[in-house]
Amino acid sequence: MNMVHRSGLIVLSEMLCGGCGRVMKYAERYGYIYCEEEGDGPVRLCADCCRQRGYLSLKKDDKGREKETFL
């Protein structure tokens, strides 16, 4: 069973994306992804890399508006 833990966080200073290597700047959203099967430890991915891998998706809220979420 592939257990994946993912959280959406905000960059507090500068951080490198573990996917594309881009420098993420203050106040950008990023995903903190931990996959038990891969065993590589946690990965911090920019929003673009999260979208490409399916960790960031569009969901509708109660009023029918679409928002991006890591859940």
Can you list the trypsin sites (Lys or Arg not before Pro) in the chain that are in a DSSP coil and have 14 or fewer other beta carbons within 10 angstrom? 22, 25, 63, 65
Given +1 on the Cβ of Lys and Arg, -1 on the Cβ of Asp and Glu, and no further charges, what dipole in debye does the range 1-57 carry about its Cα centre, rounded to the nearest 20? 280 debye
Footprinting proxy, 20, 46: sorted fewest to most Cβ within 10 Å, the residues are 20, 46
Which chymotrypsin sites (Phe, Trp or Tyr not before Pro) in the chain pass both tests, a DSSP loop state and at most 15 other beta-carbon atoms within 10 Å? 26
Within the chain, longest stretch free of exposed GluC sites (Glu not before Pro) [DSSP loop, at most 10 other beta carbons within 10 Å]: 38-71
What is the range 1-70's relative contact order, in percent, from Cα pairs under 8 angstrom and six or more apart in sequence? 28 percent
Likely footprinting exposure, 43, 23, fewest C-beta neighbours within 10 Å first: 23, 43
Cysteines not pairable in the chain (beta carbon separation under 4.7 Å absent): 20, 35, 49, 50
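Values quoted throughout were computed directly from the atomic coordinates according to the rules given, and no laboratory measurement underlies them. Just so you know, these numbers come straight off a predicted model, no measurement behind them. Methodologically, a virtual Cβ is constructed for each residue, glycine included, from the backbone with ideal geometry; neighbour enumeration extends over all protein chains shown.
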